[in-house]
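The structure appears right after this line, and notes come after that.
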Amino acid sequence: MGGIASPPPQPHPDAQRIVAALRHVVLGQEAATREVLVCLLARGHILLEGVPGTAKTLLVRTLALALDVNFVRIQFTPDLMPADITGITMLSGAREFTFRPGPVFADLVLADEINRAPAKTQAALLEAMQERTVTVDGKSHPLSPTFTVFATQNPIEFEGTYPLPEAELDRFMAKVLIGYPTAEVEQSILTKYVEGFEADRTETYGVQAVTNADGLEALRQAVDRVRVEPRITGYITSIVRATREAGSLTLGASPRAGVSLFKAARAAALLEGRDYVIPDDVKLFAPAVLRHRINVAPELELEGVTADQALKAILDRIEAPTA
């Protein structure tokens with residue numbers, strides 16, 4: 001006589017409502033919306049790459065509405081200075097120095113076209129990402145507990161763009177690719193505009209707050225409780241180490257990449273309603289977590305081999321653990 005089958009996992013209700021809000025506004029980007037939310041739940045910063053006009057800003061603005069948190073967009077330009085991001089100390093009328101916080105003191109920060117800014121300005125933001133504090137004139141100022149950076153960049157072949165150094169890229173948990181929509185989705189976008197939608201008017205989005213900063217923190221704490229068995233951590237380790245040994249790559253993933261994949265897999269499991277990680281959670285998010293941390297060998301790059309193709313070959317070669 002067989003035992004009673006356990007009920008199938010139910011997706012986390014709050015997380016699913018956030019996904020639904022994103023997909024109500026940002027059409028045809030199912031993988032991107034899932035990857036962005038997973039990174040947010042895993043306390044990671046996200047690099048969004050896509051050509052202009054593919055809803056990168058719209059995605060982050062919608063997420064801020066669904067979470068009812070403070071959203072700030074910073075346009076990165078060649079003349080942007082570090083103080084324009086972090087803030088400055090000013091002499092007030094009472095002849096006292098007071099700190100005026102910069103735009104980085106927000107919950108969700110959109111660093112638009114980060115690869116158009118000088119290295120010193122990029123470094124100021126990346127330091128804030130790593131330390132979650134800002135130091136001005138020797139005094140530290142803590143950032144919001146919800147603080148998350150969504151940096152956008154145009155593909156590097158665009159004029160006036162400069163690739164981020166590998167050490168800076170490694171600070172991002174994932175690189176999320178946002179491509180052109182299909183013809184059907186593109187027509188649906190136009191239909192939304194016919195019905196009154198405007199990307200620069202948030203009141204037309206039809207998005208109600210799902211939760212707030214406290215609710216997001218509760219979701220993050222739930223992610224921290226997701227179980228990860230040794231066979232799963234072994235699988236993650238095998239994938240990361242294989243990128244360093246692959247002949248198709250000249251740069252493999254760092255140990256930080258393994259930690260990021262571990263955290264992303266936990267958040268993915270929670271999103272699906274499980275309190276444990278399965279190999280598919282790891283395999284599904286490995287490309288987003290690793291693609292910006294590896295370099296394809298030049299001779300293969302000339303043949304059109306992409307980072308994702310090189311990663312797929314590695315993932316196909318490594319045997320996933322079984323129960």
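Go through the stretch 21-70 residue by residue and tally those that are open to solvent by less than 10 Å² (accessible area, probe 1.4 Å), free of Cβ contacts under 8 Å to residues at least 40 places away in the same chain and in a helix (DSSP H, G or I).
Of the residues in that region, 1 qualify.
Evaluate the following for T233: is it surrounded by 14 or more Cβ atoms within 10 Å (Cβ to Cβ) and farther than 27 Å from R291 by Cα?
Details: surrounded by 14 or more Cβ atoms within 10 Å (Cβ to Cβ): yes; farther than 27 Å from R291 by Cα: no.
In short, no.
How do the pairs read when you match residues in the stretch 171-184 that are of a type outside the set (G, A, S) with residues anywhere that are outside any loop (DSSP other than H, G, I, E, B) and open to solvent by 40 Å² or more (accessible area, probe 1.4 Å), using Cβ under 7 Å and keeping only pairs 6 or more apart or on different chains?
R171/Q130; P181/I189
Limited to the stretch 71-96, what total is found for residues that are touching a residue at least 12 places away in the same chain (Cβ under 8 Å) and part of a strand (DSSP E or B)? Let's see the steps before the verdict.
Quick first cut of the stretch 71-96, residues touching a residue at least 12 places away in the same chain (Cβ under 8 Å) only: 71-78, 80-89.
Still in the list and also part of a strand (DSSP E or B): 71-75, 87-89.
Residues flagged as touching a residue at least 12 places away in the same chain (Cβ under 8 Å) and part of a strand (DSSP E or B) within the stretch 71-96 amount to 8.
Just one of (1) closer than 21 Å to E35 by Cβ; (2) at pLDDT below 85; (3) touching a Lys or Arg at 6+ places or on another chain (Cβ under 8 Å) trips up Q153, so point out which.
(3)
Given the structure, is A242 open to solvent by less than 20 Å² (accessible area, probe 1.4 Å), at pLDDT 95 or above and under 28 Å from R220 (Cα atoms)? Spell out the reasoning first.
Numbers: open to solvent by less than 20 Å² (accessible area, probe 1.4 Å): yes; at pLDDT 95 or above: yes; under 28 Å from R220 (Cα atoms): no.
No.
Which ones in the stretch 107-134 are over 18 Å from T146 (Cβ atoms) and touching a strand residue (DSSP E or B) at 6+ places or on another chain (Cβ under 7 Å)? Lay out the reasoning, then the answer.
Step one: filter the stretch 107-134 for residues over 18 Å from T146 (Cβ atoms), giving 112-124, 126-127.
Result: D112, E113, I114, N115.
Wholly within the stretch 247-323, which helices (runs of 4 or more DSSP H) include no fewer than the required count, namely at least 2 residues that are touching a residue at least 24 places away in the same chain (Cβ under 8 Å), within 15 Å of the chain's Cα centre (by Cα) and surrounded by 19 or more Cβ atoms within 10 Å (Cβ to Cβ)? Don't jump to the end; show me each part of the working.
Values: elements: 255-271, 279-290, 298-302, 307-317.
The helices (runs of 4 or more DSSP H) meeting that bar are 255-271, 279-290.
State yes or no: is V109 assigned to a loop (DSSP other than H, G, I, E, B) and either more than 16 Å from the chain's Cα centre (by Cα) or surrounded by 15 or more Cβ atoms within 10 Å (Cβ to Cβ) (or both)?
Values: assigned to a loop (DSSP other than H, G, I, E, B): no; either more than 16 Å from the chain's Cα centre (by Cα) or surrounded by 15 or more Cβ atoms within 10 Å (Cβ to Cβ) (or both): yes.
Judged against the criteria, V109 is not a match.
Would it be correct to say that K175 is over 16 Å from the mean Cα position of the chain (by Cα) and basic (K, R)? Spell out the reasoning first.
On the way: over 16 Å from the mean Cα position of the chain (by Cα): no; basic (K, R): yes.
Criteria not met by K175.
The values are calculated or read from the model by the stated rules, or taken from the named source; none is laboratory data. The structure presented is a predicted model; accordingly, all values stated were derived computationally and were not measured. Glycine also receives a Cβ, built like all others from the backbone with ideal geometry; neighbour counts cover every protein chain displayed. The accessibility values were calculated without ligands, DNA or RNA, using every heavy atom of the protein model including side chains. Shrake-Rupley method; radii C 1.70, N 1.55, O 1.52, S 1.80 Å.
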